[in-house]
Amino acid sequence: MSAPRQSVLFDAPGPRARRAIAVGNVIGAVIVIGIAVLVLLELGRKGQLSWDQWGPVFTANAWENFFLPGLQNTLRAAGFAIVGAVIFGLVFGSGRLSHVRALRWACGVVVEFFRAVPVLLMMIFFWLLLGLQKVPDAPFLAVVISLVLYNGSVIAELVRSGVGNLPKGQGEAGVAIGLTRGQTLRSIQLPQALIAMLPALVSQLVVVLKDTALGQIITYPELLRAAQILGTAFGNTLQTLTVAAVIFIVINYALTALAQWLSRFLSGRTAGATAAGPGIGNPTAVAGGPTEDAPATSTVR
């Protein structure tokens, strides 16, 4: 078994460099803690840490009528947008990899257009358009459609770059065993590309969740808007927004943990690891791998 490869991007730090890094980390931590203490002291001086300000946040009324309904609407919009964005990204990402020039060009125009338009601008546009048509629940639909179009376009680029970064031997191996180019893309290249780009994909899904907060501008009753309404009612906007921020952080952390678990789980069921990708460029992994009758041979020269 060969020794693990060392990174060629930088040299491993020596004892002196490690000590300097440790000292820098300690100094940075002390500075951050100091700033946090100063902020808390100033908030306390302004009366923002008193129970009169924080008490209304922890009442049953606040959670039953504001935070939980707002969270439900946030997750509802994010759920529909994530499913739609993944489907959009797979379809148009595959279209950008098509060998038909017209299809590849059309998919490229769509993807580049929606990547360039700001999400908030699309939300306002669809909100006004659906409102003029008297469509029920126009704010929700405007949020979902906008998030699907923008984030789906980003995912399409992830798909295109993920497949493009695979070794050419993957496609050649599929064709060699009798698959068409489309079958090779769907059966061999896309699954490996999806595993390799899983961290970036989940990062984009986190963006979907956070961008639902833009819906408060078009009156969609998501978590941020609910926190603002509650804060206006009790005069403790800082406290209600802090609770909303903590909820967003917990959900995003859960998504990140899920991505890490999926990466380990899927890597164990494929020819190689997600990050390093050993075996990804090995045609025998596609064709079924070496057998007892046909042992593997080294191709390194």
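Key figures for this structure:
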{"item": "Residue pairs meeting the criteria (Cβ under 7 Å; at least 6 apart or on separate chains; first under 17 Å from Leu130 (Cα atoms), in region 213-234; second charged (D, E, K, R) and outside any loop (DSSP other than H, G, I, E, B))", "result": "Gln216/Arg225"}
{"item": "Test result for Trp54, touching a residue at least 24 places away in the same chain (Cβ under 8 Å), assigned to a helix (DSSP H, G or I), surrounded by fewer than 18 Cβ atoms within 10 Å (Cβ to Cβ) and not aliphatic (A, V, I, L, M)", "result": "yes"}
{"item": "Check on Gly131, out of contact with any strand residue (DSSP E or B) (no Cβ under 9 Å at 6 or more places or on another chain), in contact (Cβ under 8 Å) with a residue 12 or more places away in the chain, more than 17 Å from Ala81 (Cβ to Cβ) and open to solvent by less than 60 Å² (accessible area, probe 1.4 Å)", "result": "no"}
{"item": "Options Phe92, Phe66; residue that is out of contact with any Pro (no Cβ under 7 Å at 6 or more places or on another chain), within 30 Å of Leu201 (Cβ to Cβ) and open to solvent by less than 60 Å² (accessible area, probe 1.4 Å)", "result": "Phe92"}
{"item": "Considering residues of region 222-250 that are of a type in the set (Ser, Thr, Tyr) and closer than 24 Å to Phe140 by Cβ only, the residue most open to solvent (accessible area, probe 1.4 Å)", "result": "Thr232"}
{"item": "Residue among Leu97, Leu103 that is in contact (Cβ under 8 Å) with a residue 12 or more places away in the chain, open to solvent by 40 Å² or more (accessible area, probe 1.4 Å) and farther than 25 Å from Pro221 by Cβ", "result": "Leu97"}
{"item": "Residues being open to solvent by 20 Å² or more (accessible area, probe 1.4 Å) and either over 17 Å from Met197 (Cα atoms) or at pLDDT below 75 (or both) - total across region 145-165", "result": "6"}
{"item": "Residue list for region 106-118, filter: closer than 18 Å to Leu214 by Cα and surrounded by fewer than 18 Cβ atoms within 10 Å (Cβ to Cβ)", "result": "Arg115, Ala116, Val117, Pro118"}
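The values are calculated or read from the model by the stated rules, or taken from the named source; none is laboratory data. None of the values given here were measured: they were computed from a predicted structure. A quick note on method: Cβ atoms are made from the backbone with ideal geometry, for glycine too, and the neighbour counts reach across all protein chains shown. Side chains included, ligands, DNA and RNA excluded: accessible areas come from the protein's heavy atoms. Shrake-Rupley method; radii C 1.70, N 1.55, O 1.52, S 1.80 Å.
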